[in-house]
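This report refers to the structure that appears directly beneath it.
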Amino acid sequence: KGIFYCKNKYLIGYSSIPGLDKRTTLLSNREGNIYAASSGTELFRLNNNAVKTYPISFTYEPLDFMRYKKDWIIFGKENTMRTDNQFKEISRLVQIDSDYAGSYQMANTKNGALVAIMYHCIFVVNDSRVLQRIACGLPFTCKSILVKDENTFYLAGKHGIYTYDFPTGKHGRIKNAPENITRLFQSRSGRIWIATKEAGIFWMDHEKIFN
């Protein structure tokens with residue numbers, strides 16, 4: 001049936017497959033399987049024509065998930081959860097001094113850590129099942145994070161794309177980057193793709209922006 005780019009949030013129309021004919025909030029290719037979610041109660045795995053359903057428990061829809069060692073980390077704007085390879089044993093990650101533990105996007109660092117972004121804060125997942133805050137009070141609102149090098153992140157959101165040096169807190173805005181960015185993706189070739197709320201899709205090579 002195919003998957004098509006569309007500015008409409010109702011992106012996928014698998015009308016003949018129960019559960020996949022709804023608004024989709026999560027769509028990811030992980031280890032050769034396509035995963036999708038359209039609610040906070042189910043995660044679907046597509047492999048060729050076979051569909052498997054995993055029950056999950058999210059307050060709101062999950063946005064994506066990442067591999068963390070032998071487990072998965074599933075995250076959304078209200079919750080972050082850690083689960084085993086079969087999505088059976090699920091535990092919520094907590095944030096010290098806060099009941100709020102959501103993530104808009106996560107990224108793997110060069111040393112294997114898993115970092116997350118949520119508005120004005122950067123977090124790291126640690127082995128004690130805590131979403132640990134490592135930087136907060138960023139002067140810009142962010143919904144997306146990618147790792148540039150060992151100590152530097154690309155952060156993107158309402159006002160464009162910034163480079164952020166974690167040890168020093170120094171940051172700079174990428175020239176000509178679009179605003180209202182919803183997600184950054186990096187391809188195998190190293191090209192960074194930029195999804196925006198209303199302006200379409202861009203890409204970035206060596207910090208130069210192309211539409």
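A Gaussian network model of the chain, with springs between Cα atoms under 10 Å, assigns the largest mean-square fluctuation among Gly172, Gly102, Gly76 to Gly172. Backbone phi angles across the range 116-129, fed through the Karplus curve with coefficients 6.51, -1.76 and 1.60 (θ = phi - 60°), yield HN-Hα couplings of 9, 10, 8, 6, 9, 10, 10, 10, 10, 7, 10, 6, 8, 6 Hz in residue order; Gly and Pro are listed as x.
Within the shell of other residues whose beta carbon sits under 11 angstrom from the beta carbon of Met118, the net charge comes to +2, with Lys and Arg scored +1 and Asp and Glu -1. Exposed loop sites are taken as chymotrypsin sites (Phe, Trp or Tyr not before Pro) in a DSSP loop (any state but H, G, I, E or B) with at most 15 other beta carbon atoms within 10 Å; the longest stretch of the chain without one runs 101-211. Looking at [x] 0.95; [y] 1.47; [z] 1.24, which value of Rg/Rh (Cα atoms, Kirkwood Rh) comes from a calculation on the structure shown? Working out Rg/Rh (Cα atoms, Kirkwood Rh) from the coordinates points to [x]. Summing Lys and Arg as +1 and Asp and Glu as -1 over all other residues whose Cβ lies under 15 Å from the Cβ of Arg191 gives a net charge of +2.
Relative contact order of the chain: 9 percent, from C-alpha pairs under 8 Å at least 6 residues apart in sequence.
Applying a DSSP loop filter and a limit of 16 other Cβ atoms within 10 Å to the trypsin sites (Lys or Arg not before Pro) in the range 174-206 leaves Lys175, Arg188, Arg191, Lys197. I'd like the distance between the alpha-carbon centres of the range 119-133 and the range 139-183, rounded to an integer number of Å. If we compute the Cα centre of each part, the gap is 18 Å.
Rule-based calculations on the coordinates, nothing more; no lab input. All figures in this text were calculated on a predicted structure; none of them were measured in a lab. Cβ coordinates were reconstructed from backbone atoms using ideal geometry, including for glycine residues, and neighbour counts include every protein chain displayed.
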